[in-house]
Amino acid sequence: MFASEARLDKFRGHVWRDGRVVPGRLMFPHGNLVLKKTIDSFSFDLLDLDGICASKSSERHFESVDDFGRDFCRADGATESEAELIRMLSWDEVRLTKSPDSELCLTLWDPRLFVANSGGSHHLAGAAHIARRIGKSVPIRARLVVSAFNAAAWDRLIQDYRVLLESPQSRGWSRHAVAELIGACFVEEVAPIVGEGKLVVLPRRDAAADDVTAVLESRGAIDVTRHFEEIVRGQDDAITAVCERWPQLASHLTDLRAS
């Protein structure tokens with residue numbers, strides 16, 4: 001039920017230029033790989049929350065906000081009552097009810113609704129659990145940030161480059177040497193969208209590209225180009241599902257569709 005945000009717009013690495021390898025950065029002619037839209041006033045119910053990020057309990061795993069809240073209510077001795085619901089929501093660190101700057105996040109490659117709520121996450125989850133058990137609606141209004149893949153940028157990237165995942169278990173290799181062999185090598189640390197590790201971007205068109213890719217794969221890297229293609233292709237379906245769940249978002253997400 002915990003989430004982290006992807007960063008896919010700042011690939012840095014090495015390029016072959018003027019007879020030597022120098023630091024370089026991958027530029028995207030169609031804009032960043034990830035686009036963000038902010039909806040300043042988004043109305044939802046507390047029970048709509050699918051997860052909590054930036055929590056002080058992120059080292060513990062719960063399958064849902066409800067499971068997290070049930071666990072806390074048992075430890076806290078909270079009863080399933082409207083009075084306890086009010087007490088949970090009144091906790092100073094429950095930002096959704098205390099701060100006008102509370103921010104929700106939703107990523108279209110994992111279209112679940114998350115809120116960042118550090119120290120108050122226990123009480124927020126507890127409130128959600130009690131509200132579900134007693135059938136109480138808790139309407140809330142907050143800022144929502146939607147992150148989406150830029151389909152045009154990904155189409156261009158995949159046309160010109162291979163995307164590999166270098167997992168923590170991969171054996172070491174020289175990015176400098178790869179850039180010297182095939183002209184460029186870019187790397188970026190990202191959230192685990194297709195697995196734990198770093199993304200490696202290699203140009204396709206160099207004659208040695210296939211051989212270099214094979215060597216990296218023999219050292220534990222995984223070609224995840226098709227995985228990202230599938231995620232980008234499925235994004236329109238994700239947008240449709242999100243808009244069915246919250247019709248108010250339809251007008252905000254139209255321009256994020258690939259077609």
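Here are some notes:
- Whichever residue in the stretch 116-147 is of a type in the set (Val, Ile, Thr) and buried (at least 22 other Cβ atoms within 10 Å of the Cβ) and, among such residues, is farthest from residue 83 (Cα to Cα): 146
Each row is one residue, and each column tells you yes or no for (1) at pLDDT 90 or above; (2) among the basic types (Lys, Arg).
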residue	(1), (2)
17	yes, yes
33	no, no
45	yes, no
81	yes, no
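- Qualifying residue in the stretch 128-138 (condition: assigned to a strand (DSSP E or B), at pLDDT 90 or above and not polar (S, T, N, Q)): no
- When the stretch 233-250 is filtered for residues that are at pLDDT 95 or above and basic (Lys, Arg), only 245 remains.
- Members of the stretch 139-178 that are polar (S, T, N, Q) and not in a helix (DSSP H, G or I): 147, 150, 167, 169, 170, 174
- If you filter the stretch 156-187 down to residues that are among the β-branched types (Val, Ile, Thr) and under 15 Å from residue 214 (Cβ atoms), you find that the one that is nearest to the chain's Cα centre (by Cα) is 178.
- Single residue of the stretch 6-15 satisfying the filter (outside any strand (DSSP E or B) and not small (Gly, Ala, Ser)) that is modelled with the highest pLDDT: 11
- For residue 172, the conditions (1) at pLDDT 90 or above; (2) out of contact with any helix residue (DSSP H, G or I) (no Cβ under 6 Å at 6 or more places or on another chain); (3) not acidic (Asp, Glu) are fulfilled apart from (1).
- Taken together, the residues in the stretch 200-228 that are more than 19 Å from residue 14 (Cβ to Cβ) and touching a residue at least 24 places away in the same chain (Cβ under 8 Å) amount to 8.
- Checking residue 167 against (1) in contact with a strand residue (DSSP E or B) (Cβ under 8 Å, 6 or more places away or on another chain); (2) without any contact (Cβ under 8 Å) to a residue 60 or more places away in the chain; (3) closer than 22 Å to residue 15 by Cβ, the condition it does not meet: (3)
- Positions within the stretch 89-127 being of a type in the set (Val, Ile, Thr) and either modelled with pLDDT of 90 or more or in contact with an Asp or Glu (Cβ under 9 Å, 6 or more places away or on another chain) (or both), in sequence order: 107, 115
- 2 or more residues within 25 Å of residue 146 (Cα to Cα): qualifying helices (runs of 4 or more DSSP H) within the stretch 185-259: 225-233, 235-245, 250-253
The values are calculated or read from the model by the stated rules, or taken from the named source; none is laboratory data. From a predicted model like this one, the values you see are computed outputs, not experimental measurements. Here the Cβ is made from the backbone with ideal geometry for all residues, glycine too, and neighbour counts use every protein chain on show.
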